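To start, the structure under review is shown below, and the notes come after it.
The values are calculated or read from the model by the stated rules, or taken from the named source; none is laboratory data. As the structure is a prediction and not an experimental result, all values here were calculated from the model. Virtual Cβ from ideal backbone geometry, glycine too; neighbours counted across all protein chains shown.
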């Protein structure tokens, strides 16, 4: 158990809908990362937050947005969903904004868009 | 741009065999390099890392050396066990805090 929690574990929704994925980092960790893992794209870095502020942005679509709240939990919002958004979404947390510090991954949220 | 190219899998080895998983990278500047492991049904775990040229990362019998001259970070283990069966990802982080992952190499170790 990494100490990072993600909810829900599974999500099934229809095209065009909007969903919110939630992540609670390990106690004491200030940095949260979001990743998308799909069969065709592999593992893609989406975005990083540190202590409430966006720190780095990767291959995140404009239909997707994220935020980190004062209690340090983070939410990833996916809107106008398409079939291709079906994937496993991972959150990871770290004590620092520095990417050389170890990231601890949550178990993931599996999103299925039908 | 930055990228990671990783040896295609799947790889199947007998227990106690020698493991090498190749990883090469393209990057500007001086990236940090990582190997992550993903066991079935779980999230990724950091296996080892190296933050500058000629550094050797090691953990649980696995090793990888950051070779700037060949832009490589190959993963090795002298004697694999059944419990090492997993998917292994090579990754790099650049100075802009971006992360780039390889496609992953699935390893199965048979008794």
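Some observations on this one:
- Any hit, the range B:74-83, residues being under 25 Å from residue A:35 (Cα atoms), modelled with pLDDT under 95 and buried (at least 21 other Cβ atoms within 10 Å of the Cβ): no
- The set of residues in the range B:88-103 that are surrounded by 20 or more Cβ atoms within 10 Å (Cβ to Cβ) and in contact (Cβ under 8 Å) with a residue 40 or more places away in the chain comprises B:88, B:89, B:90, B:91, B:92, B:93, B:100, B:101, B:102.
- Cβ pairs under 8 Å, 6+ apart, first in the range A:91-107 and facing chain B (nearest Cβ under 8 Å) and over 18 Å from residue A:1 (Cα atoms), second surrounded by fewer than 22 Cβ atoms within 10 Å (Cβ to Cβ) and modelled with pLDDT under 90: A:97/B:97; A:99/B:97
- For the range B:46-73, taking the residues that are within 14 Å of the chain's Cα centre (by Cα), touching a residue at least 24 places away in the same chain (Cβ under 8 Å) and part of a loop (DSSP other than H, G, I, E, B), the one that is surrounded by the fewest Cβ atoms within 10 Å (Cβ to Cβ) is identified as B:71.
- Residues that are more than 11 Å from the chain's Cα centre (by Cα) and part of a strand (DSSP E or B) within the range A:6-46 comprise A:10, A:11, A:12, A:13, A:19, A:31, A:38, A:42, A:43, listed in sequence order.
- A residue that is within 14 Å of chain B (Cβ to nearest Cβ) and part of a loop (DSSP other than H, G, I, E, B) occurs nowhere in the range A:64-81.
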